[in-house]
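Heads up, the thing below is written out as structure tokens.
What follows draws every value from the coordinates through simple rules; no lab data is involved. Note that the structure is a prediction, hence the values are computed from the model and not measured. Cβ atoms come from the backbone with ideal geometry, glycine included; neighbour counts cover every protein chain shown.
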Amino acid sequence: MISVETVTRTWERMSALRPDEAQAMVKRMRKDQPVILAYLLAASENEAFNRDEGQTFFYVGIVVWQILKQGSKVPGKITEKQLRKAEKANEDLLEKMASDSAGDFLSAAQSLVENYPEPEVLRYITEALMENEDGDPNNPPIRDENLGQAFLHLKIVLDAFIGNLR
């Protein structure tokens, strides 16, 4: 299981990347995880997200990949079949969370975290979507109506990675 220290250290390292280093990271992901990169790009360009929300979503997805690379088991290359399996497993949850208020979303997310195989990584996703850069939950980077969708797409990515740890 990945520790909160690993999550924090990885997030801090990622947030300090220069633009050219961030571009190099995306190029590495294109080689190492092309299916996940395509999924993140497609989801980040969803018309429901504004530009900043799409960028936040994409960034959180890349951070999740980097966090998982720090574990004792690292994810292998995800196939479309593995990603579709993770999507199918999350369909019911997606429907429920898409209609939840922000308070319901937070409650459901906390319950998921407590019973999840990588709780600290899931907690990171929740916090990254619910709090701005200064940790202020009153000005989240994702609007309330898009929280459920953003969370579930990132959880699908995380589930696909977890299902393919080696």
Worksheet item: With Cβ to Cβ distances under 13 Å as the rule, what net charge do the other residues near H153 carry (K, R +1; D, E -1)?
Response: -4
Discussion item. Which of the three applies to the chain, rounded, prolate or oblate, going by the alpha-carbon gyration tensor with a ≥ b ≥ c and a/c under 1.5 meaning rounded?
Written reply: rounded
Practice prompt. Set Lys and Arg Cβ to +1 and Asp and Glu Cβ to -1, take the dipole of the chain about its Cα centre, and tell me which of V60, A108, Y39 lies farthest positive.
Written response: Y39
Fill in: Per-residue Cβ neighbour rank within 10 angstrom, fewest leading, D144, D92
D92, D144
Worksheet, complete the sentence: Residues I125, I162 in order from fewest to most other beta-carbon atoms within 10 Å are I162, I125
Discussion item. How many angstrom lie between the Cα centre of the stretch 147-166 and the Cα centre of the stretch 6-70?
Written reply: 13
Discussion item. Could you compute the net charge surrounding T6? Neighbours are other residues with a C-beta less than 14 Å from the C-beta of T6; K and R count +1, D and E count -1.
Written reply: +1
Practice prompt. Would you mind calculating the relative contact order of the stretch 4-162 from Cα pairs under 8 angstrom and at least 6 residues apart, reporting the percent as a whole number?
Written response: 30
Item to complete: Determine, for V7, V35, the number of other Cβ atoms within 10 Å of each Cβ, and report the residues in order from fewest to most.
Response: V35, V7
Fill in: Difference of contour (0.36 nm per residue) and Cα-Cα distance, E21 to N139
39.7 nm
Fill in: Helix-only [θ]222 nm of the chain, DSSP H runs n ≥ 4, -39500 (n - 2.57) each, per residue, nearest 500
-23000 deg cm²/dmol
